[in-house]
Amino acid sequence: MKVLMFNVNKDETGYINDCNRKFPFALEFADFDFNSADIGKFMGFDAVWITTGCKVTKDKSEQLEKAGVRYIVSRAAGTDHMELAAMKEAGIKGANVPRYSPNAIAEHTVCLTLMSLRKMKRELNMIDNYDFTLTGLKGLELRNMTVGVIGTGRIGAETIKILSGFGCQIIAYDLFENQAVKNKVTYLDFNDVLTKSDILILHCPLTKENERLIASDTIARMKDGAVLINTARGGLMDYEAVLEAIENGKISAAAFDVYDRETPYIRKKVERDRFESETLKKLMEKENIIYTAHMSFYTDTAIENMIMTAFDNLYEYEKTGHCSNDIIK
C-alpha cells in the first residue's frame, strides 16, 4: 500500500519508520498543504494519513476518489474535520484513533488551570523584563475552589482523578455518569455546574447540540470571576463572547488549547503582521489568557499510541478491506 502522510513532525519520523518495518508500507511524507493541493498530488496513492488540520470536504472527497485514494486514516479521535457522508458517497473508507493516552490532555488541562490560578503568563512576562516584584501576582489555591467538569468520558475522568489530589470540590455534568469517578465527583445538571463553578473545564465532544456551548447567555450565568479552561473542541466556545467577558471582568482568566478558526495557521509559523485572526490576536494579548496551539495531546505516549493505531488501521484495510476503527457507517 502506498501512503501519503500529512503534518508529520520531524521528531516523529524516526518512530514512524521504526513502526513501518513491521508492515511495511510505501510511505511518502507530504511537503505541501492537504487542503489546497490539486488532484495530481494524490495520484498513485492508495491511502492518505491526515490530522485535524486536514479538512475532508465533499470536493476533497471527490478529488481523492478520482485520484484513486481508497482510504483516509486520521490520527485524531475526533471526526469533525471529515465530512463522513461525502466520503461514503465517494466510496472512500475512513478510520480514526478513538483511544490514546487520555493522561496527555488531562495533565495539560490541569497545567493550564494551575498556570491561570497563579497568573503565570504575567509572571513570565515580568521575568523576561527583569521585573522581580510581586505586583499583580497574588494567586489562588486550587484546594479552595469548586471545579466544574463538563464531560466525564475517558479524558474528563482522568482530569477528575488528578484534580481530586488537590482537595478541591469537583462537580460535573454529563449525559451519562461515569462510574469510575462517582466517588470523586458530584454530578449536577448543566446549569448548576455553570453557576456553582469557580473553574469551568470543558471535556465534551463537539455536537450540533452543544456548538457554542459557552456563549453570551451561558457566560452570564457563570460565577463572577470564574476561570474557563477548554482543551476539548474550539467550536464549543464563542470566542468573541469570551473576549468580551474577559474585558469586562466576568471571566477572570481563560486558557484554551483549541480555536474554532485555527485551520489556516495551525502547525505553521506565521508572520505576526500577517496573522489574520483578529479575535485570537486580541485574546493572546491579554495577560489573563493562555493559548496553546492544539498541543495538549502531544506527549511521547500519546503520539506512539496514535501512530501505532493508524498503522494498524491501514494494515486492516490492506488485508481485509475493512477496519475495526472504521468511521463510515
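How about segment 116-212: which trypsin sites (Lys or Arg not before Pro) there are in a DSSP loop, with at most 10 other Cβ atoms within 10 Å of their Cβ?
K138, K208
Going by a ≥ b ≥ c, the root eigenvalues of the Cα gyration tensor, does segment 173-221 fall in the rounded group (a/c under 1.5), the prolate group (a/b larger than b/c) or the oblate group?
The shape class here is oblate.
Using Cβ contacts closer than 10 Å as the measure, can you line up Y291, Y317 from fewest to most?
Final ranking by Cβ density, sparse to dense: Y291, Y317.
With axes computed from alpha carbons, what is the tilt in degrees of helix 154-164 against the longest principal axis of the chain, rounded to the nearest 10 within 0 to 90?
30 degrees
Between D38 and N248, what is 0.36 nm times their sequence separation minus the Cα-Cα distance? Round to one decimal in nm.
Additional length available on full extension: 71.0 nm.
So how do M308, M295 line up by other beta-carbon neighbours within 10 Å, fewest first?
Fewest to most other Cβ atoms nearby, the residues stand as M295, M308.
Using alpha carbons only, how many angstrom separate the centre of segment 74-108 from the centre of segment 197-257?
24 Å
How long is the gain from R118 to K10 if the chain were fully straight, where each residue apart is worth 0.36 nm and the alpha carbon distance is subtracted?
Details: separation 108, 0.36 × 108 = 38.88 nm, distance 3.36 nm.
Roughly 35.5 nm would be gained on extension.
Starting from the Cα of T292, step 7 Å along the direction of its Cβ; do the same at E62; then give the gap between the two resulting points in nm.
So the label points at T292 and E62 sit 4.1 nm apart.
At a Förster radius of 30 Å, what calculated FRET efficiency corresponds to the Cβ-Cβ distance of I162 and E276, to the nearest 0.05?
Given R0 = 30 Å and the Cβ-Cβ separation, E is 0.25.
To the nearest 500 deg cm²/dmol, what mean residue ellipticity at 222 nm is calculated for the chain from DSSP H runs of n ≥ 4 alone, each contributing -39,500 (n - 2.57), summed and divided by the residues?
After summing the helix terms and dividing by the residues of the chain, the value is -10000 deg cm²/dmol.
By how many degrees, 0 to 90 and rounded to 10, does the Cα axis of helix 58-67 deviate from the longest principal axis of the chain?
Relative to the chain, helix 58-67 is tipped by roughly 30 degrees.
How high is the FRET efficiency from T301 to E240, r the C-beta distance, R0 41 Å, rounded to 0.05? List each step's numbers first, then the result.
Numbers: r = 36 Å, r/R0 = 0.87.
That pair, T301 with E240, gives E of 0.70.
Could you work out, for segment 102-291, what percent of all Cα-Cα pairs fall into each 10 Å distance bin, beginning at 0 Å and stopping at the bin that holds the largest distance?
Percent of pairs per bin, in order: 9, 37, 37, 15, 2, 0.
Of the GluC sites (Glu not before Pro) in segment 129-231, which ones lie in a loop per DSSP and count no more than 13 other C-beta atoms within 10 Å?
Here the sparse-neighbourhood loop sites are E141, E177, E209.
Modelling each spin label as a point 7 Å along the Cα-to-Cβ direction, I'd like the R143/Q179 distance in nm, to one decimal.
Each label point is offset 7 Å from its Cα along the Cβ direction, giving 3.3 nm.
Helix 102-117 sits at what angle to the longest principal axis of the chain, using alpha carbons and giving 0 to 90 degrees rounded to 10?
Relative to the chain, helix 102-117 is tipped by roughly 30 degrees.
If you rank T51, T159 by fewest surrounding Cβ atoms within 10 Å, what's the result?
T51, T159
Read the figures in this text as sums done on the coordinates, not as results from a lab. Predicted, not measured: the structure shown is a model, and the values here were computed from it. Cβ: placed from backbone, ideal geometry, glycine included. Neighbour counts: every protein chain shown.
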